[in-house]
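Below you'll find the structure, written out as structure tokens, and then a few comments.
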Amino acid sequence: MTTQPTSLPELWMAGPLAPDLIAQIETRYRVHRGWTIDDPAAYLREHGAAIRGIATSGRFGATRERMAQLPALEAIISYGVGYDPIDIDAAKALGLQVSNTPGVLDDCVADTALALMLAVSRRICEADRFVRSGAWPTTGFGLGQRMSGKRCGIVGLGNIGLQIARRAEGFGMQVAYHNRRARPDAPAHYRYVADLVTLARESDYLVLVVPGGAATRHMIDAEVLAALGQQAYIINVARGTVVDETALVEALQAGRIAGAGLDVFEHEPQVPEALFAMDNVVLLPHIASGTHETRQAMADLFLANLDGWFDERRLVTPVF
């Protein structure tokens, strides 16, 4: 932990953020690096009363137990759009402020979704491995599936979902979507489908963009996958918990769906080994927002929320 004046606001940092971002935070806050502490409970019994904020991310979150150990806690500032690892009910009950970094990563996540759609149906990664193996001079490579003109079903037509839909239209795709309710400001030609199984049955690509958490856990189950069918693909740039991963592996092994493009996993960074051998699956290490431009914008918004609260008692992007 960097030595700093004790007059600075004190933060508990739940896990490592980007080194440059940590360096900026430590110029104006006293940071307790939680992931480096062997016995956090004992440490917080001694130091917790002075800590006013939690700096975290969509990966590390904040538990009810941790909040309870910080009696002076005022705000939880999170790096990332997803906040399901933060116990929001506990934060509300304790009167805490919570922020995330929405909006700034929409374009890059949407780009990644389209990249996965193309990669899995046109067999891009498989073809790359084929060339690198030296097989091309002696044998031909098989055919893929065309994406242009197909049906794109979007589960979660939020800001990212809208960006995916607009990109899909550039490929001449028909767009339909499923939300808890129809989005009144959605383009009229985006067809709302109230039943998820029906949307799966009527999609060639089912793209997942819903938040994580209990309300969406395993919403993509064996029934939805069966409805998707043997010629269709599932694309997940949402949260791994949205998909029943066991059911997904079984559907892929049995050929009940054509393939999958996955940026997230239910128990990441652990990935089911059965997926490694499947050529009709493209696997990414949760990098949908992983560009220099987006990560800088996320860092800027994170700092704006952090400074906004401790300087002005105001969050730029509050979660509630």
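The values are calculated or read from the model by the stated rules, or taken from the named source; none is laboratory data. Here the structure is a predicted model, which is why all the values come from computation and not from measurement. Heads up, the Cβs are rebuilt from the backbone with ideal geometry, glycines too, and the neighbour counts pull from every protein chain shown.
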>> With the requirement that a residue be part of a loop (DSSP other than H, G, I, E, B), crowded, with 17+ Cβ neighbours inside 10 Å and out of contact with any helix residue (DSSP H, G or I) (no Cβ under 6 Å at 6 or more places or on another chain), what does region 54-70 give you?
In response: GLY58, ARG59, PHE60, GLY61
>> I'd like to verify a number: residues in region 198-218 that are surrounded by fewer than 22 Cβ atoms within 10 Å (Cβ to Cβ) and assigned to a loop (DSSP other than H, G, I, E, B), how many?
In response: 6
>> Among the listed residues ALA23, ALA50, ALA42, identify the single one that is under 27 Å from the mean Cα position of the chain (by Cα), surrounded by fewer than 20 Cβ atoms within 10 Å (Cβ to Cβ) and at pLDDT 95 or above.
In response: ALA23
> Looking only at residues in region 109-132 that are more than 20 Å from ARG151 (Cα to Cα) and of a type in the set (Lys, Arg), which one is nearest to the chain's Cα centre (by Cα)?
Replying inline: ARG129
> Could we say that LEU228 is in contact with a helix residue (DSSP H, G or I) (Cβ under 6 Å, 6 or more places away or on another chain), in the same structural domain as ASP279 (by TED's automatic domain parsing) and over 11 Å from HIS286 (Cα atoms) here?
Replying inline: yes
> Name the helices (runs of 4 or more DSSP H) wholly within region 82-197 that hold at least 3 residues that are within 30 Å of ARG64 (Cα to Cα), of a type in the set (Gly, Ala, Ser) and without any contact (Cβ under 8 Å) to a residue 40 or more places away in the chain?
Replying inline: 88-93
>> Among the listed residues VAL131, VAL104, identify the single one that is over 20 Å from ILE220 (Cα atoms), of a type in the set (A, V, I, L, M, F, W, C) and surrounded by 15 or more Cβ atoms within 10 Å (Cβ to Cβ).
In response: VAL104
>> Just the residues that are touching a residue at least 60 places away in the same chain (Cβ under 8 Å) and not small (Gly, Ala, Ser), please, taken from region 13-28.
In response: LEU17, ASP20, LEU21, GLN24, ILE25, ARG28
> From ASP307, ASP244, which residue is farther than 28 Å from LYS92 by Cβ, modelled with pLDDT of 95 or more and not polar (S, T, N, Q)?
Replying inline: ASP244
